[in-house]
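Peer 1: Quick one: the structure is below, questions incoming.
All of the numbers you see were taken from the coordinates with simple rules; none came from a lab. The structure presented is a predicted model; accordingly, all values stated were derived computationally and were not measured. Every residue, glycine among them, receives a Cβ derived from its backbone with ideal geometry; neighbour counts consider all protein chains shown.
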Amino acid sequence: AGDLDAEAVAQTLAHELSHLAHRRAFGHELPPWLAEGLADAVGDSATTAGFLPLSDLDVVAGIRKRLCGGYEIRRTESLARLVDLDRSGFDRGSVSFDYEQSALLVRFLLLDPGLGPRFRAWLGVRAKLRSNAPGLPAALQVSWPELERRFASWLGCS
């Protein structure tokens, strides 16, 4: 762990172990937005005393602030682009918000009362089929523009 404090070690360990768990559960490599978003949902909530509730958004306040800054300067990309990225295109460029978008998109999808059950069902289909499930908007029963609007509203960026 070197010079890292115990909380940072707990978060990093939980994040990396979640990658192992989802590789076992899904049986194949997930798209980077989903792999990193799921790992961040676990890792960001980890503490040395246990896990904070996923709904505790204070733990992602810094990530949210950085992503909102990206939206303000129009440097973020669309969610459709994020979801379509393969590993070679993820988090490339001099300024990227791919990790922040992924972390907060997965958290949003898990917490949203209407989308959460559909997202969890879609994850279940992905695990069962051990391949790509139907497209995300189809599974969520929303269009990309509607998903963008709802995500932006949840973020509360001004």
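Peer 1: Quickly work out the ALA127-to-THR12 label distance, labels modelled 7 Å from Cα along the C-beta direction, and quote it in nm with one decimal.
Peer 2: About 2.8 nm separates the two model spin labels.
Peer 1: Determine the distance separating the Cα centre of the range 17-89 from the Cα centre of the range 91-158; give it in Å without decimals.
Peer 2: 10 Å
Peer 1: Oh, and also: Just subtract the alpha-carbon distance of SER153 and LEU20 from 0.36 nm times their residue separation and send over the number in nm, one decimal.
Peer 2: 44.6 nm
Peer 1: OK, next. Using a cut-off of 11 Å between beta-carbons, work out the net charge of the residues near ALA39 (Lys and Arg +1, Asp and Glu -1, ALA39 not included).
Peer 2: With Lys, Arg at +1 and Asp, Glu at -1, the net is -3.
Peer 1: Let me ask something else about it. So for the range 2-97, what percent of the C-alpha to C-alpha distances run longer than 16 Å?
Peer 2: On the way: 2927 of 4560 pairs.
So the portion of pairs separated by more than 16 Å is 64 percent.
Peer 1: I've got another one for you. Assign one of three labels to the range 43-106, namely rounded, prolate or oblate, based on the Cα gyration tensor with a ≥ b ≥ c the square roots of its eigenvalues; rounded applies when a/c is under 1.5, prolate when it is not and a/b is larger than b/c, and oblate otherwise.
Peer 2: It is prolate, given that a/c is not under 1.5 and a/b is the larger ratio.
Peer 1: Another one. Expressed in nm to one decimal, what extension gain is obtained for the pair SER94 and LYS65 from 0.36 nm per residue of sequence separation less their Cα-Cα distance?
Peer 2: Answer, rounded to one decimal: 8.6 nm.
Peer 1: How large is the convex hull of the Cα atoms of the range 90-144 per residue, expressed in Å³ as a whole number?
Peer 2: Taking only Cα atoms, the range 90-144 has a hull volume of 91 Å³ per residue.
Peer 1: Just to be sure I understand the model, the point goes 7 Å from the Cα along the line to the Cβ. What's the resulting GLN141 to LEU57 distance in nm?
Peer 2: 2.4 nm
Peer 1: Suppose every Lys and Arg Cβ carries +1 and every Asp and Glu Cβ carries -1, with no other charges. What dipole size does the range 49-117 come out with about its Cα centre, to the nearest 20 debye?
Peer 2: Numbers: 9 positive and 10 negative charges, 39 e Å.
Around 180 debye, computed over the range 49-117.
Peer 1: Please label the shape of the range 63-158 as rounded, prolate or oblate, based on the square roots a ≥ b ≥ c of the eigenvalues of the alpha-carbon gyration tensor (a/c under 1.5 means rounded; beyond that, a/b larger than b/c means prolate, else oblate).
Peer 2: Details: a/c = 2.15, a/b = 1.37, b/c = 1.57.
Judged from the Cα gyration tensor, the range 63-158 comes out oblate (a/c at least 1.5, b/c at or above a/b).
Peer 1: Still on this structure, please answer the following. Taking DSSP loops as anything outside H, G, I, E and B, show the longest stretch in the chain free of trypsin sites (Lys or Arg not before Pro) there with at most 15 other beta carbons within 10 Å.
Peer 2: Details: sites that count: ARG74, ARG75, ARG87, ARG92, ARG130.
No qualifying site falls inside 1-73, the longest such stretch.
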